[in-house]
Each structure stands twice: as C-alpha cells, then as structure tokens.
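Below is one structure, written out as structure tokens; the observations come after it.
The values are calculated or read from the model by the stated rules, or taken from the named source; none is laboratory data. Remember, predicted model here, so these are calculated numbers, not experimental data. Don't worry about glycine lacking a Cβ; one is built from the backbone with ideal geometry, like all the others, and counts go over all protein chains shown. Heavy atoms of the whole protein, side chains included, go into the accessibility calculation; ligands, DNA and RNA do not. Shrake-Rupley method; radii C 1.70, N 1.55, O 1.52, S 1.80 Å.
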Amino acid sequence: MKTILQKINALILSVILVCSILPIKADASFEIPGICRVQTDIGAANTVKTLDYSYDNNTYFSLRDMAMLFKDTDKAFSLAITSNAVSMELGHAYTPIGVENTIWEEDKEEDENPDISLRRNEFKVNGETVFYYTLIMKLSSGYYDCFMMAADLAMILDVDITVSGAGSLQINTQEPFSISPASLEDAGYFYGVNGVLAGDATTGEIYYRYQSDTPYPIASTSKLMTCLLTMEAISAGQIALDDQVVISDAVHALAISGDGVIPLEAGEEISVQELLLGALLPSSNECALCLAESIAGSEEVFVEMMNQKALDLGLSQTIFFNSNGLPSYTEDFVPAKRQNSMSAEDMFRLVSYLLKVYPQITDITSLEEATIESVGVEVSNTNPLLRNLPEVTGLKTGTTNKAGACLVTSLTANDGSQEHDLVVVVLGTEDSIERGRVSGLLARYALNTFYTGIEDTGNGTSGQTSGNLPIHAEAAVDWIIRTARE
C-alpha cells in the first residue's frame, strides 16, 4: 500500500509540474505590440507600430506606418491590404486611412496578445507574387495592417535601414540595400545556422563562409547529386529525357507513405524529364528513387555511385545513404538512423561542377511551376527566392528534423563579358522562414559583392578564396585574368 501511495503522489506531482510549465511555453507564441521611432534621411521622423513575434526584438513593422515615411520620397509605395493579402505598387503615392503613425489603440495594450499568426500571406509587388512571411491584423478602425521585417522591406525597396539606437531606426533612401555578413556573425546572427557559404561558382571565389568545412545533414539538397548522376547518364547515352521508366513497387510504396509527394502507381510509366521535374521542383522523394533505380538498377548501387562521384570531385566531408535525403535506417537489431551529410564547402564544389558541366539544369530549377503530364499533377518550386530576386535560377531546398531547413541558391550575374553563377549555401536553419531570410540576405550580399568587390573582411571570413584556385582549369584561367585586371 505504501508503494502505491508513493506512486500516486509522484503522479500527482508530475501533473502539477506539467501544468505549471505549459503556460510558460504558451507565452512564447504571443505577438507583443510596441512602437519604434523611425527617422529618414529627408528629415521625416515618426512613430511606427511594431509587433514582436514570440520573442523580444523579433520585430515586425507596420507597413502602413512605413508607407507614410516614404510617402514624399522616390521610394514611395501604395498599399492594398486585406485579411490575407497585400499588394504594393512601387513609385505610387500612398493614400492615408487615418491610423498611420499613431500609438496602439486602447484595446491593444502591450501585455495583450493580438492573437494573429506569422504566415506566408499572399504578397504582390507591382503585380508580381513575392514570398515573405508577414503578420496581418485587423485594426479597431476596421482597416487591415500588415507587419513585416525591416530587412525584408529594405530589400524590396532597395534602401539602407540601420538601427540608430534603442527603439529607433534610420532609413537612408539614397543608399542601396547592403549587409555585412561579418557584422551579422559578430552579432550572433548565424548561431542558429549549421553552416553557410556565398561565392562565385564560375571563378571559385568565396565571398563569405561560416562553419563551412563541417559536415551537416543536408536533407533533400541531396537530390542535386542524384540529378548530377542523371545528367551524366543522359550525356553517356545510357538514358534519354524522353525515355519512359516503369514505376517499381518500392517507388509506389514511398509515394503513398508520409514522405510521398507525387502519386506514382506501380507498373505505370513516367518520363525521365518528368522525374527530374518532380525531384527538383516539389522535391519528390519517390521521383529521386525512381531515377536511382532506372540508372543503377537499385538504390544501393546508385548510392555507391553517389559516394564515388563525391570522391572524384574531392568532396571529403560528404557521405550519402540514399538518393533523396530522407533519414535512412540500418537493418540492425537496434537500427541506426543516418542522414546524408555534407559540408557547405563540399556543396559549393558540387554545385559549381553541376552548373559548369550541365548548366541546362537551371532550365528546370528556374521554373516556378510545371505539370507532370503522366500523372496530371501541377507542381510548384519550393525555392522562395525565385519570386523575390530576378537573378535567381535555382537550385534546391531540403528539410528534415535533424537537418533543419536548408537551401542552395544559384544566381546569375554578368561582368560585361561573361555570365557568372553565384551560389549561396545555407544549411540547418530553424525553419523555412529563417531559411528564406538568411538565404535572401546572403544572395543580395553575393550580388553586391560581385558588382562592387569584396569589402567585408571585418572579423568574419569574407574575402577568402576556395583553396588556391577554382575547381576547373577554365575557371581558374578566368579567375587569374580577372585578378590581374583588378
């Protein structure tokens, strides 16, 4: 009896502890109203309403309040905001609705949760869809307001926004948007990221890197190696883009599982071209497996090819266990859970090679949408930067619990005589929101660096090159000539 009472008491104590912890966790979902003083370079200064999403200093700014500050500048924009959509027209005068640049209404006290969520609302700039995460709130006046990150707005308007002091921002409308990754690193911005790298894949120059030589799980960005081997098989005449591949039972089983993306039925046929579309745009795991089986006969043999290709390319911090990047379990009594892993530097080398030898891969990865005719499915590209930057040509997203949210981005730039492929590798962010934001910032930094030169040497690791010379002899010659000219 004594033992039973002890167990009951322990259970009651556990319930009390759990109940006391739960409200603390729930507090983290609050959107905390606040205000910020914003000054522009034309003398305009005013109060801007803010929402701190979940945590202090994770701040989103009122678009309507910001629109009033830009109203009389060449960065003016008009707004139309509904319950789930935002439309901005750059260069148009903003029409005030009477609630701008005021403090929060009385029913929005600082300790009250407005009960709204951060989401990828429909967002259009000059009629074109872009992907940014925003908060949309209905004000007591009946109008809607949208709250977004200052950095996202700065990128859209191409203006310089800096923190001038506690609770204040400075906007320089005559200065283009710019960031310093070294300064971000010093401030701890990349502490929540596994590894990043930004550079010129054509020349091998690396503009910035952080924890880039350590291998981390890479999730579905693994499919870039699968597609490289597919392109090599096509080049060798082993298969052709219009070849029809019979869907196996294993592929069908994966398609109907929780990790399935496209409904593929065993015994039916699908073309190699469609499999590439499926693997690269919506990140279909079953399409990657189908490619592996069609090229090597089995995924096991294909994985051997993947690892051998990694060795051939000098990818010393890389290992593959499957063709798609899903967690892979061993057949042991206590199975080990393994994931494809690669360092950011190895990913940069892989992508550099892929873009150099098979540049046509971007004909697929630059598509926002496509149709898989064999199964009658419309698919969308999971890369958010395709909508936000016209220079983006790909390449691949990836997400697992252990890998976090990953994104490998390719961009085109032209030095007046040659097109260059810039590459940004971001591994292991907390979620897709941070993945897009970190990648977007570094993509803009890569473009700025390409056109203006590497200046951000600071305390970070910018201004370094990848080894002594780029991977390819032809690129090495280009690099030497360009360096001599500089």
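Here is how the numbers come out for the structure above:
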| quantity | calculated |
| --- | --- |
| Filtered residues of region 88-98 (kept if free of Cβ contacts under 8 Å to residues at least 40 places away in the same chain and in contact with a strand residue (DSSP E or B) (Cβ under 8 Å, 6 or more places away or on another chain)) | Glu89, Gly91, His92, Ala93, Tyr94, Thr95 |
| Which numbered condition Ile206 misses (of (1) outside any loop (DSSP other than H, G, I, E, B); (2) in contact with a helix residue (DSSP H, G or I) (Cβ under 7 Å, 6 or more places away or on another chain); (3) open to solvent by less than 30 Å² (accessible area, probe 1.4 Å); (4) at pLDDT 95 or above) | (2) |
| Verdict on Asn101 being under 29 Å from the mean Cα position of the chain (by Cα) and either surrounded by fewer than 19 Cβ atoms within 10 Å (Cβ to Cβ) or more than 26 Å from Glu434 (Cα to Cα) (or both) | no |
| Region 244-261, subset in a loop (DSSP other than H, G, I, E, B) and open to solvent by less than 60 Å² (accessible area, probe 1.4 Å), residue nearest to Glu286 (Cα to Cα) | Gly260 |
| Check on Ala405, part of a helix (DSSP H, G or I) and at pLDDT 95 or above | no |
| Given (1) out of contact with any helix residue (DSSP H, G or I) (no Cβ under 8 Å at 6 or more places or on another chain); (2) open to solvent by 30 Å² or more (accessible area, probe 1.4 Å); (3) of a type outside the set (Lys, Arg); (4) under 26 Å from Ser432 (Cβ atoms), number of the condition Ala151 does not satisfy | (1) |
| Filtered residues of region 178-203 (kept if part of a loop (DSSP other than H, G, I, E, B), under 17 Å from Phe450 (Cβ atoms) and either modelled with pLDDT of 95 or more or open to solvent by 40 Å² or more (accessible area, probe 1.4 Å) (or both)) | Ser178, Ala201, Thr202, Thr203 |
| Residue in region 160-167 that is of a type in the set (Asp, Glu) and touching a residue at least 60 places away in the same chain (Cβ under 8 Å) present | no |
